[in-house]
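Bear in mind that the values in this text are calculations on the coordinates, not laboratory data. Nothing here was measured: the structure is a model prediction, and the numbers come from that model. Every residue, glycine as well, gets a Cβ built from its backbone with ideal geometry; the counts of neighbours run over all protein chains shown.
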């Protein structure tokens with residue numbers, strides 16, 4: 001197994017009296033799309049800035065691409081799209097990419113080629129010679145995303161990359177994330193849009209008050225499935241035999257099973273017992289349901 | 001070095017693109033036109049007054065040219081403070097600096113690139129305006145002040161000190177706080193300079209010390225006073241006949257202190273920016 005791209009031990013950051021990040025210990029593997037979830041004020045952006053060396057931790061330690069966090073050399077292979085991406089909006093889209101490319105050490109033909117390639121990829125070729133201040137919010141996010149990819153990074157940090165984007169823009173970002181993963185690039189995704197996280201991430205952690213409180217491997221479906229049944233004449237014992245019975249009334253029932261493979265066995269047992277099975281619909285447990293459960297009732301909209 | 005040049009290039013590009021250079025050049029042009037017209041009429045009077053001795057004519061033209069250079073000094077210091085006052089603090093507040101500082105660049109390169117760019121702009125501005133003033137004096141009054149080779153570099157150094165303070169303050173403070181602080185320091189230097197001047201005229205050493213302390217706190221006014229002293233004929237210095245004549249000439253040590261002061265301010269700014277949470 002290769003070394004993780006990000007590894008932190010008990011990172012903590014205090015701003016005066018306020019403890020923004022209490023204890024952050026995470027590991028992100030190479031090629032993994034990692035979701036970082038939590039309500040507003042949970043310390044997500046501060047955590048991300050510590051990893052990028054924009055803020056130094058009060059205590060704790062960590063590595064980014066094998067180097068101590070904050071190390072300048074490690075940032076050569078890192079891309080970053082900040083939240084509310086604001087930048088030199090008097091530059092044109094192309095000039096912005098050239099400037100950021102130069103900061104990564106690119107120059108000459110290689111710089112021009114990379115900028116051209118990314119302008120095409122984020123569908124901004126037509127707007128490349130226009131000042132960014134005339135861009136829509138979605139276009140601004142897209143040029144920001146291109147800026148984060150100028151160095152063909154090994155790890156990309158995206159802080160709310162789709163805020164302000166229309167459905168087509170979101171789809172584009174999703175495609176780019178898939179491409180990055182296919183190329184072996186790790187993606188650290190900070191997003192409020194749980195549906196999107198569900199569609200793109202391999203693994204997510206939930207952060208609350210600057211601590212990781214829960215981890216979920218999405219690809220493995222470890223959260224299990226909820227099955228909705230329309231069935232007559234089934235006993236609660238029978239329904240609970242292959243999972244957990246959540247509810248049962250008037251010919252409909254909800255059962256949670258650990259894995260998809262439990263479904264045929266459940267159907268067979270019901271039919272054998274003489275119960276009449278009309279419908280059986282498995283639902284993956286939504287990330288939103290898990291989020292609400294993990295964060296608890298005491299959370300208020302941020 | 002390459003990083004510094006990239007930031008320098010972007011900063012100059014920004015000054016040009018955001019019409020900052022155009023605005024400063026227009027204001028400089030307006031000042032030069034006004035100065036030229038004024039100089040023309042005064043020179044007309046001076047050159048046609050048959051009763052006026054050559055020496056007095058010379059002094060009048062020198063006074064007028066120094067007044068033009070005094071205005072240049074003031075315009076340059078305003079420009080030098082205001083041009084870069086929000087370059088760091090503004091970018092920190094808006095978040096623009098995050099994508100730059102998360103690149104593989106030293107934070108000191110960001111500060112140094114901006115400092116170099118704005119120093120160049122401020123010195124170029126000073127060069128344009130002072131050359132304009134001197135050309136007007138030469139073309140209309142047929143007069144060139146002495147000691148330009150020593151005086152003008154001191155005034156350029158003054159511009160660099162203001163640029164440095166403005167940038168260094170912006171690395172640690174919010175834009176408005178920074179502006180207030182730098183102009184506050186200018187106020188101390190200005191008042192200190194006058195206290196010293198009056199004190200030396202009436203021979204009060206205690207008050208003279210107040211002026212020296214003020215110059216140590218902010219050496220820019222001392223640079224201007226030394227420049228003005230060097231750019232007037234010896235007779236005017238001796239007679240102390242104009243507001244530009246001074247009782248005690250700021251020493252060469254004070255010039256070196258100004259260089260050290262700017263270096264310290266730049267170092268302080270770099271350290272502040274390196275530790276700053278962005």
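Can you pull a Stokes-Einstein diffusion coefficient for chain A at 4 °C (1.567 mPa s), Rh from Kirkwood over Cα pairs, as a whole number of µm²/s? Intermediate results must be reported in sequence, preceding the final value.
Working: Rh = 21.5 Å.
This corresponds to a translational diffusion coefficient of 60 µm²/s.
Using a 10 Å cut-off on Cβ atoms, rank the peptides B:94-101, A:24-31, A:56-63 from the highest mean neighbour count down. Show your work: numbers first, answer last.
Numbers: B:94-101: 20.6, A:24-31: 18.5, A:56-63: 16.0.
Listed from highest to lowest mean packing, they are B:94-101, A:24-31, A:56-63.
Which percent of Cα-Cα pairs in the stretch B:2-275 sits in each 10 Å bin, short to long?
Result returned by the calculation: 7, 27, 31, 22, 10, 3, 0, 0.
Using only atoms on other chains, find how many Cβ atoms lie within 10 Å of each Cβ of peptide B:271-277 and report the average. It would help to have the intermediate numbers written out before the result.
On the way: counts 0, 0, 0, 1, 1, 3, 9.
The mean count of partner-chain Cβ atoms within 10 Å per residue comes to 2.
Any idea what angle helix A:93-103 forms with the longest principal axis of chain A, computed on alpha-carbon atoms, 0 to 90 degrees, nearest 10?
Helix A:93-103 sits roughly 80 degrees off the main axis of chain A.
Please report how far the C-alpha centroid of the stretch A:9-46 lies from that of the stretch B:51-123, rounded to the nearest whole angstrom.
Taking the Cα centre of the stretch B:51-123 as reference, the centre of the stretch A:9-46 is 42 Å away.
Could you give the length gained on full extension between residue A:281 and residue A:252, defined as 0.36 nm per residue of separation minus the Cα-Cα distance, in nm?
Values: separation 29, 0.36 × 29 = 10.44 nm, distance 1.13 nm.
Roughly 9.3 nm would be gained on extension.
Principal axis extents for the stretch A:96-195, Cα atoms only, whole Å, descending order, please.
Each principal axis gives a Cα extent; for the stretch A:96-195 these are 41, 33, 18 Å.
Counting other C-beta atoms within 10 Å, which of B:77, B:64 has the fewest, and how do the rest follow? Provide the component values of the computation, followed by the final result.
Working: B:77 26, B:64 22.
Sorted ascending by nearby Cβ count, the order is B:64, B:77.
Assuming a viscosity of 0.890 mPa s and a temperature of 25 °C, what translational diffusion coefficient in µm² per second does Stokes-Einstein assign to the stretch A:1-66, Rh being the Kirkwood radius over Cα pairs? List each step's numbers first, then the result.
Numbers: Rh = 12.3 Å.
The calculation lands on 199 µm²/s.
Using only Cα atoms, locate the centre of the stretch A:90-130 and the centre of the stretch B:134-170, then give the distance between them in Å, rounded to an integer.
40 Å
Calculate how many DSSP beta bridges within the protein assembly as shown are antiparallel, expressed in % of all such bridges and rounded to the nearest 5.
Numbers: 39 of 57 bridges.
In the protein assembly as shown, approximately 70 percent of DSSP beta bridges are antiparallel ones.
Could you work out how much longer the chain between residue A:192 and residue A:110 gets when fully extended? Use 0.36 nm per residue separation minus the Cα distance between them, nm to one decimal.
Numbers: separation 82, 0.36 × 82 = 29.52 nm, distance 3.57 nm.
Separation in residues times 0.36 nm, less the Cα-Cα distance, equals 26.0 nm.
May I ask you to derive the relative contact order of the stretch B:1-139, considering only C-alpha pairs under 8 Å and at least 6 residues apart, and to give it as an integer percent?
Details: 76 pairs, mean separation 71.1, N = 139.
Relative CO of the stretch B:1-139 lands at 51 percent.
Rounded to whole Å, give me the distance from the Cα center of the stretch B:172-223 to that of the stretch A:272-290.
82 Å
Averaging over every viewing direction, what projected area does the convex hull of the Cα atoms of the stretch B:8-84 cover, in nm²?
Details: hull surface 24.1 nm².
Taking a quarter of the hull surface, the average projection is 6.0 nm².
With no solvent and one point per C-alpha, what does the Debye sum give as log10 I(q)/I(0) for the stretch A:187-302 at q = 0.12, 0.18, 0.21, 0.22 Å⁻¹?
With one equal scatterer per Cα and no solvent, log10 I(q)/I(0) is -0.54, -0.91, -1.07, -1.14.
For the protein assembly as shown, what mean projected area does the convex hull of the alpha carbons give, in nm²? Walk me through the numbers on the way to the answer.
Working: hull surface 141.3 nm².
Averaged projected area of the protein assembly as shown's Cα convex hull equals 35.3 nm².
Run the numbers for residue B:41 and residue B:120: contour at 0.36 nm per residue of separation, minus the present Cα-Cα distance, in nm.
On the way: separation 79, 0.36 × 79 = 28.44 nm, distance 3.43 nm.
So the chain would gain 25.0 nm between residue B:41 and residue B:120.
Please compute, for the alpha-carbon atoms of the stretch A:225-284, the extent along each of the three principal axes and give them in descending order in Å.
25, 21, 19
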